[in-house]
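These notes are about the structure you will find just below.
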Amino acid sequence: MEEYYLMWLSRVEGIGIKRIHMLLDYFQSAEAVWKAERDQLAAIKGIPEKTIDAILCARDEEMLNCWIEELEAKEIQFYSLFHTRYPRLLKEIYSPPIGIYVKGTLPEDDIDKVSLVGARRCSRYGAGVAYQTAMDLGKANIIVVSGMAKGIDAMAHKGILDGGGQTIAVLGNGVDICYPSENRELMERIIENGCLISEYPPGTEPSPHHFPNRNRIIAGLSKIVVVVEAGKKSGTLITADMALESGRDVFVVPGNITSALSEGTNNLIKQGCPVITETNDILFDLGITYNDYEKQMISKQVAAKLTPEEKKIYDQILDKEPVLAETICRRMHKNIQEVQYMLSLLEIAGYIRKVPQAGYIREG
């Protein structure tokens, strides 16, 4: 029952995480806070009269039972900061949520997680990189964390799901609400192959001030945050800053220097964040490497994972002899911009490698 008292305490209007910790330190349990008299609450330095009134007014056993029944009816779990299922890495950030609501199956702590974030209004290049990177991470049994927003977030979730992996979506609203509404099908897929997480109770509508709070959870759940595409004032940069403050590694996918969508990411590179040009960069940082036999097996599986257009380009590239982009253009009767775009996607996904002044060869 202590878990439900903690849920109640986290839902007291205007109380704040800092004051909840003050109350728990003093009373040793949320149940004791529920039962405390006014004079006992007033004895705690730093708890104002307004907060005491809010606590006393919130003591509604009938309402608490309704909340519990709602969780059961909607198949939502509540894990407090003190529950064994609460993610270990999330506990390490500044001001972790007192509790999280989870719909779906929360993956085990010992499975590596990578947060993949970026712009809502992304380019075709950014969308392709996010999708392929997430798919590749899924093959290595890495869980991708993102925010289920339009653009990069959605492509990251779709990529890992299409690759047969698991994913976590952190929301700025209740886990029983789909936002944006067009992601309904994606939301259902995430629940079946991972989970939705929110610190906001069921029924909470999305609000602009919720999303910076949401971003600290995205950063806190993972060892690494990968920023794919972000403008100069993008909310994605908040996630990157929070990750750095929490001691996480932030990787950046380089973007077109003439694109406004890449100003934020390219500035992160200037600040010293490492560049990612292939998924193996992430795996190496996690301590995951492949031996020669495994690389050969992955190489044989590549053709089955590519889109028809990607496969046509890939088939033009040899294992040992580099092939120029211009040569591929002539053979396929395509313009250089289209070919370079597809080559960039294949290179970032780790399927091919560029040899300076020589052309492209297959990786592995």
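For the reader, a short list of remarks on this structure follows.
- Remark: segment 113-285 carries a charge dipole of roughly 300 debye about the Cα centre, counting +1 on each Lys and Arg Cβ and -1 on each Asp and Glu Cβ.
- Going by neighbour counts of Cβ atoms within 10 Å, the residues S207, S10 line up, fewest first, as S207, S10.
- Note on I269 and A73: their simple-model spin labels are 5.2 nm apart, each label 7 Å out from Cα toward Cβ.
- Near C273: Cβ cut-off under 13 Å, other residues only, Lys/Arg at +1 and Asp/Glu at -1. The net charge is -2.
- Cα→Cβ-extended label distance, 7 Å offset, between K232 and N141, nm: 4.6
- Environment charge at Q166 (Cβ cut-off 15 Å; Lys +1, Arg +1, Asp -1, Glu -1): -3
- Sites matching GluC sites (Glu not before Pro) across segment 12-57 that sit in DSSP coil, with at most 11 neighbouring C-beta atoms within 10 Å: E13, E37
- Candidates A349, A54, A119: whichever shows maximal mean-square fluctuation once the chain is modelled as a Gaussian network with Cα springs under 10 Å: A54
- Think of segment 113-285 as having a plus end and a minus end, set by charges on the Cβ of Lys, Arg, Asp and Glu; of I257, C178, M148, I257 sits farthest toward the positive end of this dipole.
- Computed lengthening from V355 to R330, 0.36 nm per intervening residue step minus Cα-Cα distance: 7.0 nm
- FRET efficiency estimate (nearest 0.05) - Cβ-Cβ, E2 to L56, R0 30 angstrom: 0.90
- Convex hull of segment 1-109 built on C-alpha atoms - directionally averaged projected area, nm²: 7.1
- Of W8, Q40, L64, farthest towards positive along the dipole that unit charges on Lys, Arg, Asp, Glu beta carbons give segment 2-73: Q40
- Under the shape rule built on the C-alpha gyration tensor, where the axes satisfy a ≥ b ≥ c, the chain is prolate, since a/c reaches at least 1.5 and a/b is greater than b/c.
- Count Lys and Arg as plus one, Asp and Glu as minus one, and take only other residues whose Cβ is under 9 Å from that of G147; the net charge is then 0.
- Under a Gaussian network description of the chain, with springs only between Cα atoms under 10 Å, the residue in I76, I217, I336 that fluctuates furthest is I336.
- FRET efficiency estimate (nearest 0.05) - Cβ-Cβ, L286 to R88, R0 22 angstrom: 0.90
- Summary: within the chain, the longest segment free of chymotrypsin sites (Phe, Trp or Tyr not before Pro) located in DSSP loops with at most 16 other C-beta atoms within 10 Å is 95-289.
- In the chain, helices alone account for a calculated mean residue ellipticity at 222 nm of -13500 deg cm²/dmol, with every DSSP H run of four or more residues adding -39,500 (n - 2.57).
Every number here is computed from the coordinates shown, using simple stated rules; none is lab data. These numbers were taken from a predicted model, which means no experiment stands behind them. Cβ atoms come from the backbone with ideal geometry, glycine included; neighbour counts cover every protein chain shown.
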